[in-house]
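Engineer: Before I ask anything, here is the structure I am working with.
The values are calculated or read from the model by the stated rules, or taken from the named source; none is laboratory data. Small disclaimer: the values here were computed from a predicted structure and weren't measured. Here the Cβ positions follow ideal geometry from the backbone for every residue, glycine too, while neighbour counts run over all protein chains shown. Surface areas here come from the heavy atoms of the whole protein model, side chains and all, with no ligands, DNA or RNA. Shrake-Rupley method; radii C 1.70, N 1.55, O 1.52, S 1.80 Å.
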Amino acid sequence: MAIFNKKKNIEMKTNPQADVRITILEKINENIKGTLYDNAILIPRFGYTIDIQVVKNEEKDGIYTLQTIFIIRNDYLKDKDEPIIEPIASQGKDFDSALKMLAESFEALIWRPIKMMFDKGKALPISSNYLGQHYDYDLYVNSVVLMGDPERKPAMLIYYIKDALSSFLGSKKYYWVRIFLARQGTKGTENYKQNIEVRINGVVCPSLNKRFQPYLDTWKDQDITVVEKQFAFIVNKEEEDLCPFTKEQVVEYTRKTLPIMENCKSPEEAVKMKEEMDNFIGNPALSAEIRIFIPEILAKLTLGYNEGDDLFLLQPSQNQEENPEEKPVPIRFAKTQLRSYYYIQQVLLDYLSRTKPDKEKVKNIVFNSVTFRELRKHIGQPNEKLGRPVEAKDLFVPGTAYRVNIPDYKVW
């Protein structure tokens, strides 16, 4: 299993089975008892659809491996919330044993907390307060899934981050949290490997990753790979999602904005671009977020500097009208609390990988990044500690600061 993100070129024998995907869905559905339709499992009573992609289906040296990606969508909120995307791998002496392990892992890791959520099972209460907004949530979590060492007694992983989760939650109806820990080898030696990854709605949260290092350090050294995984679902108690835009709209507007930004080269053209964007988006706040975050995110993706989990909204101080020279007050909150941020980032990742734009056009956009203009002062400067000039990868930025000059601006 590629849990340490390293790939090996090996000769593989694929299973001749005609449709492994359907076979896996049928096995998963034995306990879910949904409806198999159009190569997916429909669960009308919960409003969920389960689909899969088969990444690997092979046998080598007497070990059968299945690697899949589960895609779970909420049918009622598909335009507001992204799907749950979870890779699950399994091994066995043959296809049937690997399939059995895969089904058991899916049920323990993902399906049980989903069922708890809809059965109104025992939940942990969480509240979030940010930017004048208050939300209450229920957190549903199942036991830890352990692989590699059946003698281990894993800790309840969610408790390591429960007190910090509220600072990552916003106005969305659903959030899902994935915790993944892996360790192999003897610490301090070349063969030692580890992986710590905490994701909220698919987004890696570096500050939460750090909370698990002391716990991982207590694991004993072993030649085998030991893995602990836990999934949690968080439900916003608000009856209705009042966000005035959908994910699809943000994606559409971001794609439409990119060619305009590629050719915007003067202050006059920037003013014209703002007017054009405000017109076709029809929401000045969302227009501002797209206009601000495209260059900031593109700078991060292309330069490769390290960045934290936070955003800093710059708001005028109470005395700024009397003293215009007084600096605005930064209000810190998490990127996961602003839904447009990662919708925009998703478009930009696709823009770089599929569109493959001309470098000059990308530079033209990145030059509008405030972060880039600041980092440019340090990149290339001699550094005695490094023994070489500073590179972008050496720099860390706590987050992105931005300002929206719109009265009663609300973070969605």
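Engineer: Inspect region 41-52 for any residue being open to solvent by 30 Å² or more (accessible area, probe 1.4 Å), over 17 Å from Arg178 (Cβ atoms) and at pLDDT 90 or above and give the result as yes or no.
Structural biologist: For region 41-52, residues open to solvent by 30 Å² or more (accessible area, probe 1.4 Å), over 17 Å from Arg178 (Cβ atoms) and at pLDDT 90 or above: present.
Engineer: Is it the case that region 67-75 has a residue that's part of a strand (DSSP E or B), open to solvent by 60 Å² or more (accessible area, probe 1.4 Å), charged (D, E, K, R) and out of contact with any His (no Cβ under 7 Å at 6 or more places or on another chain)?
Structural biologist: Yes, region 67-75 contains a residue that is part of a strand (DSSP E or B), open to solvent by 60 Å² or more (accessible area, probe 1.4 Å), charged (D, E, K, R) and out of contact with any His (no Cβ under 7 Å at 6 or more places or on another chain).
Engineer: Same structure, new question: Looking at (1) open to solvent by 40 Å² or more (accessible area, probe 1.4 Å); (2) modelled with pLDDT under 90; (3) in contact with a strand residue (DSSP E or B) (Cβ under 9 Å, 6 or more places away or on another chain); (4) of a type outside the set (Val, Ile, Thr), which is the one condition that is false for Pro328?
Structural biologist: Looking at each condition in turn, Pro328 falls short on (1).
Engineer: Still on this structure, I have one more. Scan region 213-242 for residues that are outside any strand (DSSP E or B) and in contact with a helix residue (DSSP H, G or I) (Cβ under 7 Å, 6 or more places away or on another chain) and report the count.
Structural biologist: Residues in region 213-242 being outside any strand (DSSP E or B) and in contact with a helix residue (DSSP H, G or I) (Cβ under 7 Å, 6 or more places away or on another chain): 1 in total.
Engineer: Oh, and also: May I ask you to list pairs of residues, at least six apart or on different chains, whose Cβ atoms are under 8 Å apart, with the first in region 389-406 being in contact (Cβ under 8 Å) with a residue 24 or more places away in the chain and in a helix (DSSP H, G or I) and the second being of a type in the set (Val, Ile, Thr) and surrounded by fewer than 17 Cβ atoms within 10 Å (Cβ to Cβ)?
Structural biologist: If the second residue must be of a type in the set (Val, Ile, Thr) and surrounded by fewer than 17 Cβ atoms within 10 Å (Cβ to Cβ), the pairs left are Ala392/Ile379.
Engineer: Quick check, is Glu268 at pLDDT below 95, part of a helix (DSSP H, G or I) and more than 15 Å from Ile344 (Cβ to Cβ)?
Structural biologist: yes
Engineer: Tell me which residues, restricted to region 229-246, are buried (at least 19 other Cβ atoms within 10 Å of the Cβ) and either of a type in the set (D, E, K, R) or touching a Cys at 6+ places or on another chain (Cβ under 8 Å) (or both).
Structural biologist: Lys229
Engineer: Is there any pair with a first residue in region 300-314 that is at positive phi and a second that is open to solvent by 40 Å² or more (accessible area, probe 1.4 Å) whose Cβ atoms are under 9 Å apart and which are 6 or more apart or on different chains, and what are they?
Structural biologist: Going by the 9 Å Cβ cut-off, the qualifying pairs are Gly304/Glu391; Gly304/Lys393.
Engineer: Would you please list the contacts, defined by Cβ atoms under 9 Å and residues six or more apart or on different chains, that run from a residue in region 114-143 that is basic (Lys, Arg) to a residue that is assigned to a helix (DSSP H, G or I)?
Structural biologist: Hits for this filter: Lys115/Ile32; Lys122/Met116.
Engineer: Here is a list: Glu59, Glu82. Which entry is open to solvent by 50 Å² or more (accessible area, probe 1.4 Å), over 25 Å from Gln194 (Cβ atoms) and touching a residue at least 12 places away in the same chain (Cβ under 8 Å)?
Structural biologist: Sole residue among the options that is open to solvent by 50 Å² or more (accessible area, probe 1.4 Å), over 25 Å from Gln194 (Cβ atoms) and touching a residue at least 12 places away in the same chain (Cβ under 8 Å): Glu59.
Engineer: Is there any pair linking a residue in region 40-56 that is small (Gly, Ala, Ser) to one that is assigned to a strand (DSSP E or B), with Cβ under 7 Å and at least six apart or on different chains, and which?
Structural biologist: Ala40/Thr49; Ala40/Ile50; Ala40/Asp51; Gly47/Asn74
Engineer: On to the next question. Could you check how many residues of region 22-33 are touching a helix residue (DSSP H, G or I) at 6+ places or on another chain (Cβ under 9 Å) and modelled with pLDDT of 90 or more?
Structural biologist: Counting residues in region 22-33 that are touching a helix residue (DSSP H, G or I) at 6+ places or on another chain (Cβ under 9 Å) and modelled with pLDDT of 90 or more gives 5.
Engineer: Could you list all residues from region 339-358 that are among the acidic types (Asp, Glu) and open to solvent by 60 Å² or more (accessible area, probe 1.4 Å)?
Structural biologist: Asp358
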